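The values are calculated or read from the model by the stated rules, or taken from the named source; none is laboratory data. All of these numbers come straight from a predicted model, not from anything done at the bench. A quick note on method: Cβ atoms are made from the backbone with ideal geometry, for glycine too, and the neighbour counts reach across all protein chains shown. Side chains included, ligands, DNA and RNA excluded: accessible areas come from the protein's heavy atoms. Shrake-Rupley method; radii C 1.70, N 1.55, O 1.52, S 1.80 Å.
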Amino acid sequence: MTTSEHPVQRRWLLRAGGTALATLAAMSLGSRSHAARDSGLRILCSGPAGSIPDLVARAVGEQLSATSGLHALVDNRPGAAGQLSVGALKAAPADGSTILLVQGAIATVYPFLYARLGYDPALDLLPVSLASEMSLGLAVGPAVPAQVQTLAHFIDWIRRNPAAANIGSPGTGTLPHLLEAMLFHEAGAAWQHIAYSGGPPAVNALLGGQIAALVLPEGLLRPHHAAGRVRVLATSGPTRSAYLADVPSFVEQGHPNLVVTEWFAFFAPGGSSKDTIAGLAAALQEAIARPAVAATFAQAGMTAASSTPAALSARIAVEQRHWQPVLRTLEIRAD
């Protein structure tokens, strides 16, 4: 059966009335004869349970399920800094039954970071909609002396204790990793990068004193900062974060180039038709716009932000032009 003949595709082509969410439900019902898609919409997720991408995928999936009658199932595929989830997307049918929620770096950074990728960003990752945006935070844990209270103090401590300069991130080539590399490049300080499979294991390592510091979306750090278990020393927004109002930004502390916004987005498999992508985008935009999503995201220090497929494609192109020379300057490459 060709793509144009698939019942799922015809459902998108025939959508003439009702909301986009109702159309998404109709798409699921129209494919009942296909056992592999009886469960509804599968949302592949690049992060483990409890991570920021997991929260995003589940919050949006709940709204799709609640308003459309379509069962949205989150399928966590952490590992290889998100590349395992992309592999799962490549293996999925291009009929609108599977989408991927992943960090933007998978399309904007990895093409210039990895000598060999198991996917083609232009062919295997078709942009559907932006999902969320957030600033990053640099936090230190119990391995760093309590008197280190500012970014300047921390950089000085790193310079004096290079053997203890173990800095964690949720994966090689993620924006937290790149922000760390940019910071220590500017500071001229030696450091060791420790990559984890997502944010939660990195936080556990920080709390356990296995690493000195890490960079993560500020929402993952905020409860530990409030409880005094870690100290967030800087955030990566252009101004001070509303979610960590007691923490100055990198800009405020003399690092104007360290403005980095992390974002997550939904992608469809390569080969998906324009009509399928348009239908998915409309449904996701409607779900992301719901107050419950905004409230859930705010609790995690994020902003809900949807987009059209074209706008997401344009953003990826702009950020590719930004990150390619940065990676060249930092001399960061991965196998």
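The set of residues in the stretch 297-335 being farther than 15 Å from GLN103 by Cβ, in contact with a Pro (Cβ under 7 Å, 6 or more places away or on another chain) and either modelled with pLDDT of 95 or more or open to solvent by 50 Å² or more (accessible area, probe 1.4 Å) (or both) consists of PRO309, SER313. Considering the stretch 2-96, the qualifying helices (runs of 4 or more DSSP H), each wholly inside and each with 3 or more residues that are within 20 Å of the chain's Cα centre (by Cα) and at pLDDT 90 or above, run over 52-68, 83-90.
For LEU233, state whether it is more than 21 Å from ASP54 (Cβ to Cβ), assigned to a strand (DSSP E or B) and in contact with a Gly (Cβ under 9 Å, 6 or more places away or on another chain). Yes; evaluated as a whole, the condition is true for this residue. Of the residues screened, ALA281 is one that is more than 16 Å from the chain's Cα centre (by Cα) and either under 20 Å from CYS45 (Cβ atoms) or part of a loop (DSSP other than H, G, I, E, B) (or both). Look at (1) at pLDDT 95 or above; (2) farther than 27 Å from GLN149 by Cβ and you find that HIS255 fails only one, number (2). Being among the basic types (Lys, Arg), in contact (Cβ under 8 Å) with a residue 12 or more places away in the chain and either within 28 Å of PRO291 (Cα to Cα) or open to solvent by less than 10 Å² (accessible area, probe 1.4 Å) (or both) holds for only one residue in ARG116, ARG42, and it is ARG42.
A quick yes/no check of all residues on (1) surrounded by 16 or more Cβ atoms within 10 Å (Cβ to Cβ); (2) closer than 16 Å to ALA81 by Cα:
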| position | (1), (2) |
| --- | --- |
| GLN147 | no, no |
| LEU151 | yes, no |
| ASP156 | no, no |
| ARG160 | no, no |
| GLY173 | yes, yes |
| GLU186 | no, no |
| GLY209 | no, no |
| PRO223 | no, no |
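Restricting attention to the stretch 183-195, does a residue exist that is in contact (Cβ under 8 Å) with a residue 12 or more places away in the chain and within 15 Å of the chain's Cα centre (by Cα)? For the stretch 183-195, residues in contact (Cβ under 8 Å) with a residue 12 or more places away in the chain and within 15 Å of the chain's Cα centre (by Cα): absent. Checked across the stretch 284-296, the condition of being modelled with pLDDT of 95 or more, within 24 Å of GLN83 (Cα to Cα) and hydroxyl-bearing (Ser, Thr, Tyr) holds for no residue. Looking at LEU233, is it open to solvent by less than 10 Å² (accessible area, probe 1.4 Å), touching a helix residue (DSSP H, G or I) at 6+ places or on another chain (Cβ under 7 Å) and modelled with pLDDT under 95? Against the criterion (open to solvent by less than 10 Å² (accessible area, probe 1.4 Å), touching a helix residue (DSSP H, G or I) at 6+ places or on another chain (Cβ under 7 Å) and modelled with pLDDT under 95), LEU233 does not qualify.
Each row is one residue, and each column tells you yes or no for (1) of a type in the set (A, V, I, L, M); (2) open to solvent by 30 Å² or more (accessible area, probe 1.4 Å).
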| position | (1), (2) |
| --- | --- |
| TYR196 | no, yes |
| SER241 | no, no |
| PHE250 | no, no |
| PRO269 | no, no |
| LYS274 | no, yes |
| ALA283 | yes, no |
| ALA294 | yes, yes |
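Look at ASP124 and say whether it is open to solvent by less than 40 Å² (accessible area, probe 1.4 Å), of a type in the set (Asp, Glu) and at pLDDT 95 or above.
Against the criterion (open to solvent by less than 40 Å² (accessible area, probe 1.4 Å), of a type in the set (Asp, Glu) and at pLDDT 95 or above), ASP124 qualifies.
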